[in-house]
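Worksheet: one structure, shown below.
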Amino acid sequence: MRLVVAYDSTYGNTRRVAEAIAESWPSERPDPPVPLRDLDARRLDRETLLVVGAPTHGHGVDEDTWRAFERIPHERFRERLVAAFDTRFDMGRWITGSAARSLEKALVARGAIPIAPAESFFVAGREGPLEAGELERAREWGRRLHTLAVEHAVPRVVAMPRA
Ligand SMILES: Cc1cc2nc3c(=O)[nH]c(=O)nc-3n(C[C@H](O)[C@H](O)[C@H](O)COP(=O)(O)O)c2cc1C
């Protein structure tokens, strides 16, 4: 199972989370995360988990991030395994909003299959830094995504009763 991490980031915090997720993937040479605007949609195939991350702006996704996301033909997401994350302030989601939730909804609307609920990683201020422990939490999340992606990708073998 391969991993493609695509992100947007103004101050670098979401990029650092994206890098931590990519590093956690059990592969000798993990692909480095790519800015969402540079994502080559042909990389999204059945053997790939797409993880998309963005900073939360104005309770959701920034206009530039949407533009980069919208450029990808909708059918490219159909039946693809995905997970979304964001960075935001560490307060109730009803106060801060969540870019990850908006991305997740858009992915589902395009037929993608989220393998885990949208996740948030927290910044201490508008420009960061990330709160203590968030990169480790990102690595843990990445490892969990790997387990879930493998489970989703492997068709279950059903034992048939002998005639
Ligand atoms: C224009 C702007 C709007 C923002 N709006 C929100 C918001 O609605 N909720 C929130 O939790 N954080 C908000 N933030 C803080 C961002 O979440 C924070 O800048 C981001 O997590 C940093 O990620 P980055 O370093 O990858 O850009 C906002 C930041 C900016 C610059």
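Just a few scattered comments:
- As for region 41-55, it holds no residue that is without any contact (Cβ under 8 Å) to a residue 12 or more places away in the chain, surrounded by fewer than 18 Cβ atoms within 10 Å (Cβ to Cβ) and either closer than 17 Å to A118 by Cβ or among the aliphatic types (A, V, I, L, M) (or both).
- Members of region 8-37 that are within 16 Å of the ligand (Cβ to nearest atom), of a type in the set (D, E, K, R) and either in contact with a helix residue (DSSP H, G or I) (Cβ under 7 Å, 6 or more places away or on another chain) or free of Cβ contacts under 8 Å to residues at least 12 places away in the same chain (or both): D8, R16, R37
- Candidate set from region 62-76 (those that are over 13 Å from A6 (Cβ atoms) and assigned to a loop (DSSP other than H, G, I, E, B)); member that is farthest from the ligand (Cβ to nearest atom): P73
- Check on E79, part of a loop (DSSP other than H, G, I, E, B) and more than 16 Å from the ligand (Cβ to nearest atom): yes
- Hits in region 86-106 - residues which are within 15 Å of the ligand (Cβ to nearest atom) and out of contact with any Ser or Thr (no Cβ under 7 Å at 6 or more places or on another chain): D90, M91, G92, R93, W94, I95, R101, S102, L103
- Within region 102-115, tally of residues that are surrounded by 19 or more Cβ atoms within 10 Å (Cβ to Cβ) and without any contact (Cβ under 8 Å) to a residue 40 or more places away in the chain: 1
Every number in this text was worked out from the coordinates using simple rules, so none of it is lab data. Keep in mind the model is a prediction, meaning the values are calculated, not measured. Using ideal geometry, Cβ is built from the backbone for each residue, glycine included, and neighbour counts are taken over all protein chains shown.
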